[in-house]
Amino acid sequence: MTSPAAGRSARFTWFQELQARAATWWVILRISIEERLVYRGDFALGTLMRFLPIVTQVFLWGAIFAANQREMIAGYTYHNFVAYYLLTMVSRAFSSMPGLASGIARQVREGEVKKYLIQPVDMITMLLLARVAHKLVYYVVAAAPFALVFYVCRSYFPGWPPAEVMAAYVVSLVLSFLLGFFLEATLGLISFWFLEVTSLLFVYMLFNFFFSGHMFPLDMLPEPWSTLVNFLPLKYLAYFPAAVFLGKVQGAELVQGLLVQVAWVVVFIGLCRWTYARGVNRYSGYGG
Amino acid sequence: MRAWHYLAVWGTFARNSLVRDMTFRWNFLINAVSSLSWVFMNLGFYTLIFHQIGSQGELAAGSGWRQYEFFVFLSTTLFVNSLVQAFFMPNAEEFSELIRRGGLDYVLVKPMDTQFLISLQQVQWSALANFAFGGCLLAYSLYHLEYRPGWFQVVAYPFYVLCGVVIFYSLMIALASTSIWLGRNQSLYNFWFYLTNFSRYPMEIYRGPVGDWLRWAFTFVVPVLVVVNVPARLMAKPLEPDHWYLMGYALLATAGSFWAGRWVFQRALSSYRSASS
């Protein structure tokens, strides 16, 4: 039986440890933010350029609607299409993780992983914090180009959704960030088994582009494809948040969608942790 | 040096690349399959569009780009892009590394045209898988079309595909040359992708005030719209008077682009300061 004093000190150390951890995380986050701010000009330009492929899509759909004299195609008006593509850009700003998986693969291949094995810093936490920093800086720098494009295209939007939908939208965006991170990190960790994962990542990127809804609204797909995409986590990376904003998913369906998204995040956190633990067990680093 | 010397040197480059590709056979196969899967994704997207509007639905009003006409267009895109990817893309990427590491010095001292050497050193044979698929798609689409191209179209088509390759190549070499000034140009591929993205659809889809402006700029300033549109129209649709103008202009655009690309390359080269010594 422990004495009350011992219990208090145990609680105290637990609190202290958390504090120490938070301090470490804060330092990592700050360093990453400063590192990121070095290339802010490149960042802003890159963001604007990323809207270019949408320009062709907008013209393509505009021409299709005009040529076929249709009000709606697959439940979308022309304005819906434009709004949808712009909203997927927002989703992707949260869920895309450029260089994450390939960076992990490189660290495994070049033996940098052993750094994390001897330092009291967890690799996944470190990467997650660096990514959060990356995204925060990105939002600060990208806010202006995004605001500009959305302002110019404001007439394509049906207006702001009600507050609860907006809240669900923000939640789904944050979840899409987490899902994107843990999914790609898991893929990168596969490099503990296969040193060269470039082609695997390329195939993932392709699938992601197609089945996340970046290329077209996923509810355009006929059966059996529409059922298939519902069983994949990819639709939560781009399609789902955009559909929430546009009011395509509502009520019980919306709650269910968010729950499934949470479930996918939990699955990939587990998978990522498990792969990392197994990978590190397998890992052997040589030399300095 | 005479032309056949250049041809012999290029033959050696091509053979070396093939030998290397065949040494890593699985890698070659995986590359071919993954670039093909990109094509399938695109094809899936367009099939989906025509699934929604019907195969007789047009991509742009009065343009005649229905499903199978557009698939001819798509196969033309595949021909041009796969040729550029096989013969020029790996070299343009390598070029910025040559500059950064000072390896360009060794190329400069060789008794051959520098642009020739850096443009053609490597061949990425696996990119030609898309070329082969483009051939299949073209045959399939033509089979489904009622219109049959005449002998003139059949002869002019490959010629204009090659013109398109030259325009893309010139654009690429001009972009790659900027890495001499910038030190390093990692976003080269991105920029290239964004620019050539405009060439992937029939030019008729660019309508309205902004669209007209875009069509004009991408026809007369950076002629990427000519690249696929001119040969694809030849093969997919009966010849119309305005197409003759476009075909004439395409010749001009090809020559102009090649000259401009070479000019930028040489200007950049003259400000090259070796990185190694």
- Item | Residues in segment A:73-112 that a label on A:Ser226 would reach, taking backbone N under 20 Å of a point 7 Å out along Cα→Cβ | A:73-82, A:84-85
- Note on the structure: Once all protein chains are kept in place, B:His51 shows an accessible area at probe 1.4 Å, nearest 10 Å², of 120 Å²
- Among B:Gly208, B:Gly150, B:Gly57: highest mean-square fluctuation, GNM of chain B, C-alpha pairs under 10 Å: B:Gly208
- Taking Cα pairs under 8 Å and at least six residues apart, what relative contact order does segment A:163-272 come out at, in percent? 45 percent
- Query: What order do you get for A:138-144, A:160-166 when each peptide is scored by the mean count of other beta carbon atoms within 10 Å, highest first?
  - Reply: A:138-144, A:160-166
- Query: Near A:Lys235, which aspartates and glutamates are there with a Cα under 18 Å away, not counting those fewer than 8 places off in the same chain?
  - Reply: A:Glu184, A:Asp219, A:Glu223, A:Glu253
- Sequence of A:Leu86, B:Leu36 from largest to smallest accessible area, 1.4 Å probe: B:Leu36, A:Leu86
- Item | Estimated distance in nm for a label pair at B:Arg267 and B:Ala139, the labels positioned 7 Å out from Cα along Cα-to-Cβ | 4.6 nm
- Message: What is the percent carbon and sulfur in the accessible area of the protein assembly as shown, measuring with a 1.4 Å probe over the protein chains and ignoring ligands?
- Response: 67 percent
- Message: On a 1.4 Å probe surface of the protein chains, which of B:Leu59, B:Leu162, B:Leu7 comes out largest in accessible area, and what is the full order?
- Response: B:Leu7, B:Leu162, B:Leu59
- Query: For chain B, what does the alpha-carbon gyration tensor say about shape, rounded, prolate or oblate, given a ≥ b ≥ c as the root eigenvalues, a/c under 1.5 as rounded, and a/b over b/c as prolate?
  - Reply: prolate
- Run down the aspartates and glutamates and flag those whose C-alpha is under 13 Å from the C-alpha of A:Lys135, throwing out any fewer than 8 positions away in its chain. A:Glu34, A:Glu35
- Item | Cut-off 20 Å, label 7 Å out along Cα→Cβ of A:Ala167, residues of segment A:210-252 by amide N | A:241-252
- For B:Glu146, A:Glu223, what's the largest-to-smallest order of accessible area, 1.4 Å probe? B:Glu146, A:Glu223
- Query: Per residue of A:63-76, what is the mean number of Cβ atoms on other protein chains within 10 angstrom of that residue's Cβ?
  - Reply: 5
- Query: What 222 nm value per residue comes from the helices of chain B, counting each DSSP H run with n ≥ 4 as -39,500 (n - 2.57) and dividing by all residues, nearest 500 deg cm²/dmol?
  - Reply: -25000 deg cm²/dmol
- Spin-label model distance (nm) - A:Leu29 vs B:Phe152, 7 Å beyond Cα toward Cβ: 7.0 nm
- Note on the structure: For chain A, the charge dipole (Cβ of Lys, Arg +1; Cβ of Asp, Glu -1; about the Cα centre) points to a positive end, and the Cα of A:Leu228, A:Val170, A:Phe15 closest to that extreme belongs to A:Phe15
- Can you send over the solvent-accessible area of A:Thr186, 1.4 Å probe, protein chains only, in Å² to the nearest 10? 10 Å²
- Once the whole set of protein chains is in place, how much accessible area is left on B:Thr47, using a 1.4 Å probe, in Å² to the nearest 10? 60 Å²
- Item | C-alpha center-to-center spacing [segment A:78-128, segment B:204-241] in angstrom | 38 Å
- Message: Amide H of B:Val123 versus every other amide H placed in the peptide plane: which residues, excluding those fewer than 5 positions away on the same chain, fall under 5 Å?
- Response: B:Ser17
- Note on the structure: Over chain A, with neighbouring protein chains present, the accessible area per residue in Å² at probe 1.4 Å is 52 Å²
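The values are calculated or read from the model by the stated rules, or taken from the named source; none is laboratory data. Since this is a predicted model, take the numbers as computed values, not measurements. As a convention, Cβ positions derive from the backbone with ideal geometry for all residues, glycine included, and neighbour counts pool all protein chains shown. SASA here: full protein model, heavy atoms, side chains in, ligands and nucleic acids out. Shrake-Rupley method; radii C 1.70, N 1.55, O 1.52, S 1.80 Å.
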